[in-house]
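The values are calculated or read from the model by the stated rules, or taken from the named source; none is laboratory data. All values reported here derive from a predicted model rather than from experimental measurement. Backbone-built Cβ (ideal geometry, glycine too); neighbour counts: all protein chains shown. Accessible surface areas use protein heavy atoms only, side chains included; no ligands, DNA or RNA. Shrake-Rupley method; radii C 1.70, N 1.55, O 1.52, S 1.80 Å.
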Amino acid sequence: FNHMTEELGRADQQRRNLTADVAHELRNPLHIIQGNLEGVLDGVYPPPTEEHIAATLDETRLLARLVEDLQTLSLAETGQLPLQIETVDLVELLADVRTSFSGQAEGAGIALETELMGDGFNLTLAADAGRLDQILSNLTANAIRHTPAGGQIIISAATLGNPADKVRIEVRDTGEGISAEDLPYIFDRFWKG
């Protein structure tokens, strides 16, 4: 009973932390948008320039992504997240992720590479391409954030088994990694290290 009470208290604290994190993440772009628009209305900025409009539009895109992430989380938690199963070419998927993050990685001084190991690199599977891209993008963005300049990130896919009826996809980096004391909690709801 004491253990259950402790777990409920910990889950409640994590939920409060998540709410605070979400509020913080939403507040930042909202303040930038509001500041830009008030500056235009108050005449602080000259007539809106393409640069100001582009910066404000970028912040609205960030807000839209955050809201979409919250909706995805809500659907996943209620078991209502739709999956669009199709044949996914992992060679193409990994190349797309690499292309999407190559500028960020280069700017951070990090080598970003893909590694393919399979039967003539014929790596396909039945999956939701959008969700796989989302997962790989989240992992790659985290790897860039936590890998120092001069480091390396490798996004890899390999066939497993004989016959090769399974595929393993990895995002490896030379960053700091997850501390040993945090590892037991990485799959807990609302946990953030």
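Test of understanding: in a Gaussian network model of the chain with alpha carbons linked when under 10 Å, which of 32, 155, 144 would top the mean-square fluctuation ranking? Looking only at 32, 155, 144, the largest GNM fluctuation is found for 32.
Relative to the longest principal axis of the Cα atoms of the chain, helix 2-41 runs at roughly 50 degrees.
So what is the relative contact order of the stretch 45-174, in percent, for Cα pairs below 8 Å that sit 6 or more residues apart?
Relative contact order of the stretch 45-174: 24 percent.
Each of (1) 12.8; (2) 18.0; (3) 15.9 is a candidate for mean projected area of the Cα convex hull in nm²; the one calculated from this structure is (3). Candidates 157, 79, 28 compared by Cα position along the dipole of the chain: farthest toward the positive end lies 79, with charges placed on Cβ. Placing +1 on the Cβ of every Lys and Arg and -1 on the Cβ of every Asp and Glu, with no other charges, gives the stretch 1-66 a dipole of roughly 260 debye about its Cα centre.
Taking the Cα centre of the chain as origin and assigning +1 to Lys and Arg Cβ atoms and -1 to Asp and Glu Cβ atoms, the resulting dipole is close to 360 debye. Report the calculated FRET efficiency for residue 77 and residue 178 (r = Cβ-Cβ distance, R0 = 25 Å), to the nearest 0.05. Approximately 0.60, to the nearest 0.05. Find which of 103, 13, 41 sits farthest along the positive direction of the dipole of the chain, computed with +1 on the beta-carbon of Lys and Arg, -1 on that of Asp and Glu, about the Cα centre. Toward the positive end, the furthest listed residue is 13.
Expressed as a whole percent, the accessible surface of the stretch 60-163 that belongs to carbon and sulfur atoms is 53, based on a 1.4 Å probe. With both labels modelled 7 Å from their Cα along Cα-to-Cβ, the residue 89 to residue 137 distance reads 2.0 nm. Compared with the dominant Cα axis of the chain, that is its longest principal axis, helix 129-146 is turned about 70°.
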